[in-house]
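This report concerns only the one structure given below.
The values are calculated or read from the model by the stated rules, or taken from the named source; none is laboratory data. Note that this is a predicted model, so its numbers are computed, not measured. Cβ atoms come from the backbone with ideal geometry, glycine included; neighbour counts cover every protein chain shown.
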Amino acid sequence: MTMLLRSRQQRELMPKTLEGQITMEKTPSYFVTREAPARISAMSRDTKLIVVVRDPVTRAISDYTQTLSKKPDIPSFESLTFKNRTTGLIDTSWSAIQIGIYAKHLDNWLQYFPMDQILFVSGERLISDPAGELGRVQDFLGLKRIITDKHFYFNQTKGFPCLKKAEGSSKPHCLGKTKGRTHPNIDPEVVQRLRDFYRPFNMKFYQMTGRFFGWDD
Ligand SMILES: Nc1ncnc2c1ncn2[C@@H]1O[C@H](COP(=O)(O)OS(=O)(=O)O)[C@@H](OP(=O)(O)O)[C@H]1O
């Protein structure tokens, strides 16, 4: 569901939750949609919010890779990055770049939700230590730590951790074909320019969340 609904409509679409159950909904665009915090807060002020974030530069390239897979004729990443390549002025209106300005989006959410109702999961740690990251998610949701490192194995071919057994099955489960696509090589100067661009926003984001995500090493 990518469309944002009015709070009453949205509540009606959500399954009924019994005592002891948690209803979850996942929509990537909520985090960057201006109206989302007000509407979700109107639906329920107690909603807990979980956001997976990764290095905004890699995120932008991943976003571009996804679009490229659907529209192979789009201009290069390098040309979309700049408003003016000569002056190095970055096109912050390009969604692939805009979405990675996490501190700005978080500011918008903090108008409606306290920080302790928002959990940021590290996309990098989700790959290198899935059980550790999911431990944080379970704690945040007030759940027992049921999912541990025993549930995962690292699949070298896929380059991601996979579940040893999928829910209701005895077979392993890995991420689908559209996850972990190979990214195109991007001009290192453009990557560096983007690193410089994001650094102050990343610093602000680390400060706001109290977590150092390590994107600026
Ligand atoms: N579990 C887990 N751990 C770490 N990384 C993950 C995970 N699931 C998805 N991904 C990566 O996120 C990128 C986009 O996937 P999404 O599932 O968010 O896609 S979507 O926005 O819902 O369409 C996509 O990035 P790329 O690998 O760069 O294409 C996915 O690989």
Options 85, 136; residue that is under 17 Å from residue 206 (Cβ atoms), without any contact (Cβ under 8 Å) to a residue 40 or more places away in the chain and basic (Lys, Arg): 136
Tell me yes or no: at least one residue of region 180-201 is surrounded by 13 or more Cβ atoms within 10 Å (Cβ to Cβ), aromatic (Phe, Trp, Tyr) and within 16 Å of the ligand (Cβ to nearest atom). no
Six or more apart or on different chains, Cβ under 6 Å: which pairs go from a residue in region 23-37 that's more than 13 Å from residue 47 (Cα to Cα) to one that's within 13 Å of the ligand (Cβ to nearest atom) and at pLDDT 95 or above? Could you list them? 31/51; 32/99
When you scan region 9-25, do you find a residue that is part of a loop (DSSP other than H, G, I, E, B) and modelled with pLDDT of 95 or more, even just one? no
Quick check: is even one residue across region 115-124 within 25 Å of residue 101 (Cβ to Cβ), away from the ligand (no atom under 16 Å from the Cβ) and not in a helix (DSSP H, G or I)? yes
Give the residues of region 13-71 that are within 16 Å of the ligand (Cβ to nearest atom), of a type outside the set (A, V, I, L, M, F, W, C) and touching a helix residue (DSSP H, G or I) at 6+ places or on another chain (Cβ under 6 Å), sorted by residue number. 30, 54, 56, 63, 64
Filtering region 125-151 down to residues that are away from the ligand (no atom under 15 Å from the Cβ) and in contact with a strand residue (DSSP E or B) (Cβ under 8 Å, 6 or more places away or on another chain) yields 140
Count of region 139-190 residues which are in contact (Cβ under 8 Å) with a residue 40 or more places away in the chain, under 27 Å from residue 48 (Cα atoms) and acidic (Asp, Glu): 0
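Listed here are the residues, each with its yes/no results for (1) farther than 30 Å from residue 78 by Cα; (2) outside any loop (DSSP other than H, G, I, E, B); (3) polar (S, T, N, Q).
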{"residue": "150", "(1), (2), (3)": "yes, yes, no"}
{"residue": "158", "(1), (2), (3)": "no, no, no"}
{"residue": "162", "(1), (2), (3)": "yes, yes, no"}
{"residue": "169", "(1), (2), (3)": "yes, no, yes"}
{"residue": "185", "(1), (2), (3)": "no, no, yes"}
{"residue": "195", "(1), (2), (3)": "no, yes, no"}
{"residue": "199", "(1), (2), (3)": "no, yes, no"}
{"residue": "205", "(1), (2), (3)": "no, yes, no"}
{"residue": "212", "(1), (2), (3)": "no, no, no"}
